[in-house]
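Chemist: Below is one structure. I have some questions about it.
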Amino acid sequence: MDVKPVTEIKTKPVPTLPDAQTVTEVEHYTDRLFRFRCSRPQSLRFRSGEFVMIGLMGDNGKPLLRAYSIASPSWDEELEFYSIKVPDGPLTSKLQHIKAGDEIILRPKPVGTLVLDALLPGKRLWFFATGTGIAPFASLMRDPDTFERYEEVIMMHTCRDVAELEYGRHLVESLPDDPLIGEFIGDKLKYYPTTTREAFPRQGRITDNLASGKVFADLGLGIDKLDPATDRGMICGSLAFNLDMKEILEGWGLNEGANSEPAEYVVEKAFVD
Ligand SMILES: Cc1cc2nc3c(=O)[nH]c(=O)nc-3n(C[C@H](O)[C@H](O)[C@H](O)COP(=O)(O)OP(=O)(O)OC[C@H]3O[C@@H](n4cnc5c(N)ncnc54)[C@H](O)[C@@H]3O)c2cc1C
């Protein structure tokens with residue numbers, strides 16, 4: 001009888017996605033929002049606040065990639081992302097179903113303007129975010145460098161409903177007790193969450209709370225506007241929000257900066273409308 005030697009029997013290799021990373025944790029907040037963590041490529045170096053392209057393999061066998069802010073700080077061993085779930089969204093209609101152990105695609109080429117290096121030195125740093133626009137600030141709020149460069153950091157975040165604030169609230173409230181960065185933060189971080197549709201102790205749009213001076217009074221800052229000599233801003237929200245914010249900050253004399261030319265504020269879209 002002709003018996004084939006065992007060495008000739010080959011197992012089919014398990015296909016691995018290009019730039020694959022393994023999901024380690026998934027947490028859902030609402031039917032529109034979730035966060036997940038994944039392994040980090042050893043070679044990936046990034047500055048807190050930058051974004052990368054991530055995604056899944058599409059039905060056509062081609063990678064389906066979208067821009068995502070890295071929500072974890074640059075020192076973290078893993079990567080964290082905070083995501084919308086768009087019901088008919090090509091990527092997020094699938095991405096929202098990922099589980100620990102699944103693979104995602106991550107192109108390790110971080111870019112972006114929401115970085116500390118794109119701002120001139122100052123005393124007070126403002127983060128202005130709507131919705132998932134808090135993601136880059138979730139990274140920057142966990143970076144010791146942020147608190148070494150600024151005496152005071154103010155996180156303004158606005159969502160429609162209270163449940164949509166949960167990711168940011170939990171993060172901010174856990175930071176002072178964080179064994180790694182709690183000591184850098186001390187009492188420097190101030191948090192100003194508001195809702196626009198549901199009752200909440202603080203309500204209203206970021207732009208309205210700045211223009212009316214309410215946020216300055218509520219936080220007892222003793223100012224009535226941002227000062228280009230001392231205040232620095234980072235903006236991340238919808239296009240309309242970003243434009244309204246730029247108008248307010250420019251009206252107070254702050255200029256837009258970039259990696260190549262640092263100035264008083266920087267802005268990035270949280271998504272493309
Ligand atoms: C620089 C940059 C950074 C980004 N970072 C993030 C991030 O950290 N987290 C994240 O969830 N998304 C982020 N996005 C948006 C992301 O790239 C995708 O648009 C989103 O994941 C939806 O993908 P999709 O294929 O399901 O739908 P898409 O076809 O991409 O979007 C469909 C529609 O959904 C709406 N939409 C998309 N994203 C959002 C959002 N985040 N919030 C509210 N409405 C949205 C828009 O109206 C859009 O036209 C970022 C976009 C840019 C440009």
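The values are calculated or read from the model by the stated rules, or taken from the named source; none is laboratory data. These figures come from a predicted structure and were not determined experimentally. Positions of Cβ are backbone-derived with ideal geometry, glycine not excepted, and every protein chain shown enters the neighbour counts. Side chains included, ligands, DNA and RNA excluded: accessible areas come from the protein's heavy atoms. Shrake-Rupley method; radii C 1.70, N 1.55, O 1.52, S 1.80 Å.
Chemist: Scan region 94-105 and report the pairs whose first residue is open to solvent by less than 50 Å² (accessible area, probe 1.4 Å) and whose second residue is in a helix (DSSP H, G or I), with Cβ atoms within less than 9 Å and a gap of 6+ or a chain change.
Modeler: Correct list of pairs: I104/L95.
Chemist: So, one more: Kindly indicate whether any position in region 143-154 is open to solvent by less than 50 Å² (accessible area, probe 1.4 Å) and within 16 Å of the ligand (Cβ to nearest atom).
Modeler: No, region 143-154 contains no residue that is open to solvent by less than 50 Å² (accessible area, probe 1.4 Å) and within 16 Å of the ligand (Cβ to nearest atom).
Chemist: If you don't mind, another one. Taking the condition in contact with a strand residue (DSSP E or B) (Cβ under 6 Å, 6 or more places away or on another chain) and more than 13 Å from the ligand (Cβ to nearest atom), does R124 pass?
Modeler: yes
Chemist: Next question. Give region 243-254 a look and list any residue that's within 17 Å of K269 (Cβ to Cβ) and open to solvent by 10 Å² or more (accessible area, probe 1.4 Å), or say none.
Modeler: L243, D244, K246, E247
Chemist: Do any residues in region 258-272 that are among the acidic types (D, E) have Cβ atoms under 6 Å from those of residues that are more than 16 Å from the ligand (Cβ to nearest atom) and part of a loop (DSSP other than H, G, I, E, B), where the two are at least six apart or on different chains, and which pairs are they?
Modeler: That search, which allows pairs on different chains as well, returns E264/P228; E264/L254; E264/N255.
Chemist: Tell me whether region 74-81 contains one or more residues that are in contact with a His (Cβ under 9 Å, 6 or more places away or on another chain) and more than 8 Å from the ligand (Cβ to nearest atom).
Modeler: No, that holds for no residue.
Chemist: Being touching a helix residue (DSSP H, G or I) at 6+ places or on another chain (Cβ under 8 Å), open to solvent by 50 Å² or more (accessible area, probe 1.4 Å) and not assigned by TED's automatic domain parsing to the domain that holds Y167 narrows it down to one of R35, R47, so name that one.
Modeler: Every option except R47 fails the conditions.
Chemist: Please pick out the residue among L226, L239, L189 that is in contact with a strand residue (DSSP E or B) (Cβ under 7 Å, 6 or more places away or on another chain) and loosely packed, with under 15 Cβ neighbours inside 10 Å.
Modeler: Within the list L226, L239, L189, the selection yields L239.
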